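Working notes, structure below.
Nothing in this text is a laboratory measurement; each read-out follows from the coordinates by a stated rule. Quantities reported herein were computed from a predicted structural model and do not represent experimental measurements. Note: ideal-geometry Cβ built from the backbone for every residue, glycine included; neighbour counts use all protein chains shown.
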Amino acid sequence: MKIRKYLAWLLAFAFVFSLITGNTAQVMAKSRKAAVIKSVSLKIGKKEVTKKTYTMKQGEKKKLKVTVSPKKGKKTIKFTTGNKKVATVSKGGTITAKKAGTAKIKVTVKAGNGKAAVKKTTWMKVKVTKPSSTDKNTTTEQPETPNPVVEKKSIVVYFSCTDNTKTIAEYIKDSTASDIYRIEPSVPYTSADLNYGNADSRTSKEQNDATARPGIAGNLPSLTDYEIVYLGYPIWWGQAPKILYTFVESCNLSGKTVIPFCTSASSGIGTSATNLQMADTSQATWLTGRRFSGSSPKSDVESWISGLGLQ
């Protein structure tokens with residue numbers, strides 16, 4: 001009899017224990033899934049554009065609004081485009097139609113951190129068309145004064161000690177009818193400063209110092225009226241000279257399209273442009289850069305610019 005009572009007690013204990021542990025597992029599972037994204041919807045103005053194609057005219061800009069359900073909790077939103085030549089999208093979700101074609105805009109929403117993080121993606125397509133003559137008002141009874149054609153104004157900003165980068169910068173200026181600005185250091189670099197074989201040279205020390213920000217002589221250019229900024233520099237120790245960081249961190253590049261280019265004897269552009277972009281805290285759109293040699297012909301520069309589809 002005692003054995004039966006003991007077995008009955010064990011069975012009852014096991015049943016209660018399974019209920020407790022089962023509930024605990026459910027609670028833990030719920031806590032792990034605290035970060036939830038039920039849905040992500042996209043709108044331009046009042047028009048729903050989630051997984052749809054939205055038509056824009058070349059040169060237009062539209063703000064993409066993202067609505068996430070549920071609204072509670074901190075979430076990060078990332079925008080990417082599959083074809084930057086057709087359309088770009090800023091960190092804040094502003095779409096700029098560049099040239100005729102179709103581009104897919106991908107929106108990724110992340111909630112939570114670590115293992116509890118949840119991601120959800122959705123997309124839309126942008127179809128960019130060229131403005132046609134039918135878009136103009138042709139009424140003869142009450143003719144309207146046509147709006148002036150506003151061209152994309154560009155500027156070439158460059159730094160050059162040996163004039164190799166200057167040559168490429170002037171090719172770009174001539175090919176795009178851009179304005180031009182040369183970054184001049186407050187303290188000019190001497191040939192001894194540029195000796196990369198000397199670990200104690202000025203440039204060696206600057207490039208090895210993450211906080212180095214050499215001063216720029218004179219006033220910085222006002223970029224308010226420019227949409228495109230060509231940013232040029234030589235490659236020093238595999239990276240852009242630290243004076244370029246001074247420029248990027250001192251100027252407001254918000255809303256601009258930045259196109260980096262560099263010169264070197266053999267090194268590629270590498271991570272130099274990416275690191276400059278990371279130093280830019282504005283909402284600028286950075287395109288993939290290009291490396292040239294100091295002796296690159298003007299035709300190479302013109303071919304590259306034509307492929308950008310911006311002018």
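Brief remarks on what is shown
- Tensor-based shape of the stretch 39-129 (alpha-carbon gyration tensor, a/c under 1.5 rounded, otherwise prolate or oblate): prolate
- Taking a ≥ b ≥ c as the square roots of the eigenvalues of the alpha carbon gyration tensor, the stretch 153-285 is prolate, as a/c is not under 1.5 and a/b beats b/c.
- Gain on full extension, evaluated as 0.36 nm per residue between Tyr196 and Gln283 minus their Cα-Cα distance, stands at 27.9 nm.
- Descending by average beta-carbon neighbour count within 10 Å, the peptides 50-60, 222-232, 185-195 line up as 222-232, 50-60, 185-195, the highest first.
- On the basis of the beta-carbon distance and an R0 of 51 Å, Ser267 and Thr50 show a calculated FRET efficiency of 0.70.
- Where labels lie 7 Å past Cα in the beta-carbon direction, separation of Lys38 and Ser295 in nm: 6.7 nm
- Extended-chain gain in nm, criterion 0.36 nm per residue less alpha-carbon gap, Lys61 and Asn83: 6.3 nm
- Given charges at beta-carbon only (K, R positive; D, E negative), |dipole| of the stretch 154-308 in Debye: 200 debye
- Pairs spanning more than 31 Å between alpha-carbon atoms, out of Lys57/Lys166; Lys75/Lys205; Lys98/Lys166; Lys98/Lys298: Lys57/Lys166; Lys75/Lys205.
- Extending 7 Å from Cα along the Cβ direction at Asp225 and again at Val118 yields two label points whose distance is 5.1 nm.
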